[in-house]
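Since every read-out is calculated from the coordinates, none of them should be taken as a lab result. Source: prediction; values computed, not measured. Cβ atoms come from the backbone with ideal geometry, glycine included; neighbour counts cover every protein chain shown.
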């Protein structure tokens, strides 16, 4: 298994380690997933997400290349801004969802999912008919996500750039904890606010130690991938491989807002996805709450009152704090509106569920 600059630290802290996307990653610490989840919602926590992939896209036709392989309108992205987008796979499905960072019209950074690095890289290389320069920097970048309502105040002690002046989905390359350059990005996968920090792996320990030194007064805790999953699910963020994949379209997945059919943007699958947008789709991804006690697991059947299968759970947990079973899944479009009701089959029981706004 691959390691990150923080693997030995996780082990020393007593983390429960497990393979994820080829990396030895912390799933939870002795604090436990429930407490880690609540720590991020109410205070501040730090995630090691150094397993994520990063590709540089450079050249005079970088914009043309990205307009072709991604669904969002890259022409609207100005320097210092970040965009959430996805790459369609030529068959109506999704190669991956990603963040796109704009340095200039000739320099961009793609941040992709760890499990898809090789697949995404091959896809980009295969479709590079514009002759742009592609660089896979995944092994030369480390990343920490510092998330929670106290994150900004805590992080401000380690940099002289005014973090409150970096808008949501924007970034700056600056000095942080005595290290330069560090990409300081007002993004995250928790819905709790905070920043993501990108830096060279050799600076990892210095940044980690600095965070936990200033973090003492804020109750900073290391957070594992278990709570990362529960936090993103509560917020309604998709997880590739569960809620979206090569068989799900952006329109079905509720990602029409990052699928832009503007003049001059002839991206892969545009015609097919535009038809789906116009004519509608048979199923849609929803966030739901169980109305009785139970945990909706990935792969469980969604059924109607007669017990007939009408959909599938893609993600599900028992929400820390409230002890409510929450999940995401694909259901017939007519049942996708907030307030719609159906059932999740758990063992031999049909547990009632209701569509909610995340």
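Side notes on the structure shown:
- Residue within segment 221-232 that is part of a strand (DSSP E or B) and without any contact (Cβ under 8 Å) to a residue 60 or more places away in the chain present: no
- Condition met for residue 231 (surrounded by 20 or more Cβ atoms within 10 Å (Cβ to Cβ) and either over 22 Å from residue 11 (Cα atoms) or in contact with a helix residue (DSSP H, G or I) (Cβ under 7 Å, 6 or more places away or on another chain) (or both)): yes
- Selection within segment 110-139: residues that are in a loop (DSSP other than H, G, I, E, B) and in contact with a helix residue (DSSP H, G or I) (Cβ under 7 Å, 6 or more places away or on another chain). The member of this set that is surrounded by the most Cβ atoms within 10 Å (Cβ to Cβ) is 132.
- Applying the criterion of being in contact with a helix residue (DSSP H, G or I) (Cβ under 9 Å, 6 or more places away or on another chain) and not in a loop (DSSP other than H, G, I, E, B) to the residues of segment 43-61, the residue that is surrounded by the fewest Cβ atoms within 10 Å (Cβ to Cβ) is 55.
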